[in-house]
2 protein chains.
Amino acid sequence: MQNGCMIDPRLTTLRVFARTGTVGATAELTGYSPSAVSAQLRELQRVLGMQLLTKDGRGVRLTATGRFLVTGSDALMTEWERLRAAALQAGDQVQSHFGLGGFSTAAAQLLAPLAAALRTSRPQVEVQVLEANPDRCFDLLVAERIDLAVIVAMQSQTYVEEDPRFEQTTLLNDPLDVILPSDHRLASRATVTLEELATEPWITEAPGSTYHSLFTAAFTAVGVTPRIAHEAVEWETQIAFVGAGMGVGLLPRLAPLGSTENVTRLRISGQGQPSRRIVAAVRKGSISSPLIKESLGILQRRAKRILTERLEDEV
Amino acid sequence: MQNGCMIDPRLTTLRVFARTGTVGATAELTGYSPSAVSAQLRELQRVLGMQLLTKDGRGVRLTATGRFLVTGSDALMTEWERLRAAALQAGDQVQSHFGLGGFSTAAAQLLAPLAAALRTSRPQVEVQVLEANPDRCFDLLVAERIDLAVIVAMQSQTYVEEDPRFEQTTLLNDPLDVILPSDHRLASRATVTLEELATEPWITEAPGSTYHSLFTAAFTAVGVTPRIAHEAVEWETQIAFVGAGMGVGLLPRLAPLGSTENVTRLRISGQGQPSRRIVAAVRKGSISSPLIKESLGILQRRAKRILTERLEDEV
DNA sequence: TCGATCATGCACCCATTCTGCATCATTATC
DNA sequence: GATAATGATGCAGAATGGGTGCATGATCGA
């Protein structure tokens, strides 16, 4: 919202409301107070001469006209992003504020280095990083609080490919590695297959989480049913369990082992090498903006380096 | 500018500046003071992080980036007009303010009745009519001071057909009639040809005016060179000259004879019936707006009625 | 019935932005 | 070459718009 936004901020507020459904949540996302959001929407209806909202129980709900306006405004936003990107490119300029969002691992492993790189290459740009889950990332993109989000594909309610508000680029395929105690019988191997580990006690995330489904998908692919011994929420915990010899686990290569002792990371070989796809999402039309293009390059280089170096570094 | 404009007003100011070339003229058109325009443009450059203007002598001039932004913003404006029109249509609503512009005859003969009709059919809409020449009409359209302009085709520097900012609809082909003293030898005829009047003393507008070129074009078409006896600026004057028996003249049928005595209006027959085409111009994308569609209908019906009834009324 | 959840109105306050005037730079005129 | 005219801009002051915080009202669940 603080960016050079030529579209009336109240329209952005309406779009955020369309996503959240309540005035309060819209206020939280946009950074306004609830009464400000309420007033903005009322004013918007006045100047446009349209009824956009109706009372619905204790809340409010978009009318058909309101939904129409929100849907149609996608093209308007895209058009503006495109224009801004092109003009910046033509004038060899960059915007003064740049917001980044991403989930925990991405924020630490990818966005923090990116912010550092931009601070040296573009010292005049004020960079802000927000750690947020994928769904909130999309909210923040719509609310124009951030300009680029790093998320795990398929891990949000939003279907980026089809949504006219966003476009995305694959940053990397983040393979899952096996982590096992350093004194494990297979720990000295270069690679293992999931079949070889079928009878091991596994440590995983709680059922229902996105990582758990990644876990089961990996074993389903090779036709093996693993024995789940323990459950953890944070990777730190999971790694600690493994270090204590309580079992083995899967860890995305992007996630660092940290300073943990007694844990070895092994590449998975054989068929069905599980991975999660990590993508960068931006508002549609903005992908050719100089700052975003530069950032995508930095992110991809950084991701590649992590993927190739991590195994060697940690062994 | 007072309309439901979702695009930052400062961008509109920039667009008006691109048309006028000076801060002062932009201020006059937009209704701001010159210092406000100056401040707006400065602020616009700041928030966009682009240099849009450079000093040029005692004035300022758009940079390449500025021209790029203005050109590219055409699509943005069109997109917004389209969206607004569609949303209004979907919700069966109309905007609260409606600005009309047109040249003198159109303002009196077409726009005034239109305003009256709208006042009864849409009492909640605040209608404003501005009399202005065609070029200024386009300026006012860009500045969003008016939403619909009635102009004579080919009578402005702006080539409406090609300009991505406007679209137009033909309202009527306004034929030129002959006016002559009521005691003239041909005054009792139903129609005359220009050939029959070749030797008459003609009263016309000053050379260089658009009506003068219409005049010469009419005679060039039939291969006759008229004798120009007198020149007038206003039609009122021309009609008075004719009434005084000083000669004959051409008058668009849309222009009323008024209360003048001793003047007869005759239809022109034969080949090369001269006429001027009168069109309605709107901002691109807005033509399907309910209020504009309704207005175009009223204007066309009104124009048709005038064309068919005027001769009978006045004889 | 009571509490929780949402939206909204109101009083107040701050920031943005406009106006009017003065000033400065440049160009035209005599 | 002096002087007037034109055009842009900076500054002080004022007004308007838009924001926050709190109180209120309405609806739903327990």
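Summary table below
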| quantity | calculated |
| --- | --- |
| Accessible surface, 1.4 Å probe, highest first, among residues A:THR169, B:THR12 | A:THR169, B:THR12 |
| Surface accessible to a 1.4 Å probe, B:ARG265 within the full protein complex, Å² | 10 |
| For segment A:1-155, share of DSSP beta bridges that run antiparallel, in % to the nearest 5 | 30 |
| Length-normalised contact order for segment A:174-276 - Cα pairs under 8 Å, 6+ apart - percent | 51 |
| Relative intensity, log₁₀ I(q)/I(0), of the protein assembly as shown from a Debye sum that treats every alpha carbon as a point, q = 0.07, 0.10, 0.11 Å⁻¹ | -0.63, -0.96, -1.07 |
| Buried accessible area, chains B and A (both chains, 1.4 Å probe, Å² to nearest 100) | 2500 |
| Reach of A:LYS293 by Cα under 29 Å, taken over lysines that are not fewer than 8 positions away in the same chain | A:LYS284, A:LYS304 |
| Semi-axis lengths, Å, segment B:173-276, gyration tensor of Cα atoms, sqrt of 5 times eigenvalues | 18, 16, 13 |
| Inter-part distance where segment B:144-190 and segment A:55-69 are each reduced to a Cα centre, Å | 46 |
| Whole-number accessible area per residue in Å² for segment A:1-93, which is evaluated in the context of all protein chains at 1.4 Å | 42 |
| Whole-number D in µm² s⁻¹ for segment A:1-93, Kirkwood Cα-pair radius fed into Stokes-Einstein, 20 °C, 1.002 mPa s | 152 |
| Percentage relative contact order, segment B:1-93, counting C-alpha pairs under 8 Å, at least six apart | 22 |
| For q = 0.11, 0.12 Å⁻¹, Debye-computed log10 I/I(0) when each Cα of chain B counts as one equal scatterer | -0.77, -0.87 |
| FRET efficiency for A:LYS304 and B:ALA217, using Cβ-Cβ distance with R0 set to 56 Å, rounded to 0.05 | 0.20 |
| Amide hydrogen neighbours beyond the local backbone of B:PHE166, cut-off 5 Å, H modeled | B:LYS284 |
| Residue mean of other protein chain beta carbons inside 10 Å, B:75-83 | 5 |
| Where A:GLU126, B:GLU294 fall by accessible area, highest first, once all protein chains stay in place (1.4 Å) | A:GLU126, B:GLU294 |
| Closest-to-axis residue of chain B (Cβ criterion, axis taking B to A), whole Å | B:GLU79, 3 |
| DSSP bridge orientation in segment B:141-295 - percent antiparallel, rounded to nearest 5 | 70 |
| Exercise: per-residue mean of other protein chain Cβ atoms within 10 Å, B:110-119 | 0 |
| Label distances, nm, B:GLY31 versus same residue in remaining copies, Cβ-directed 7 Å point | 3.1 |
| Portion, in percent, of the accessible area of segment B:1-97 that falls on carbon or sulfur, probe 1.4 Å | 50 |
| Residues B:THR22 and B:ARG267, FRET efficiency given R0 of 41 Å [Cβ-Cβ distance, rounded to 0.05] | 0.30 |
| DSSP-defined beta bridges in chain B - what % are antiparallel, rounded to 5 | 60 |
| Extension gain, B:TYR159 back to B:GLN89 (0.36 nm per residue minus Cα-Cα distance, nm) | 22.3 nm |
| Exam field: A:ARG305 pseudo-label spacings to other copies (7 Å along Cα-Cβ), nanometres | 7.8 |
| Cut-off 16 Å, label 7 Å out along Cα→Cβ of B:ARG227, residues of segment B:189-220 by amide N | B:195-204 |
| Net charge, B:LEU307 excluded, C-beta distance under 9 Å - Lys, Arg +1, Asp, Glu -1 | +2 |
| Rg to Rh quotient for segment A:85-224, alpha carbon positions, Kirkwood Rh | 1.08 |
| Average accessible area per residue (Å²) across segment A:174-276 - probe 1.4 Å, nucleic acids and ligands excluded | 44 |
| Inter-copy spacing of B:ASN262 label points, which lie 7 Å from Cα along Cα→Cβ, given in nm from shortest upward | 12.2 |
| Percentage relative contact order, chain B, counting C-alpha pairs under 8 Å, at least six apart | 22 |
| Estimated FRET transfer efficiency (B:ALA112, A:LYS55; beta-carbon r; R0 25 Å; 0.05) | 0.05 |
| Span-rule helices in chain A, defined as complete DSSP H runs reaching 18 Å or more along the axis (Cα) with Kyte mean at least -1.0 | A:34-48, A:64-91, A:210-222, A:290-314 |
| Globularity index of segment B:266-315, i.e. its alpha-carbon radius of gyration over 2.2 N^0.38 Å | 1.54 |
| Accessible-area composition of segment B:233-313, carbon plus sulfur, in percent [1.4 Å probe] | 49 |
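The values are calculated or read from the model by the stated rules, or taken from the named source; none is laboratory data. What you are looking at is a predicted structure, and each value in this text was computed from that prediction instead of being measured. Every residue, glycine among them, receives a Cβ derived from its backbone with ideal geometry; neighbour counts consider all protein chains shown. The protein model used for the area step is the full one, side chains on, heavy atoms only, and it has no ligands, DNA or RNA in it. Shrake-Rupley method; radii C 1.70, N 1.55, O 1.52, S 1.80 Å.
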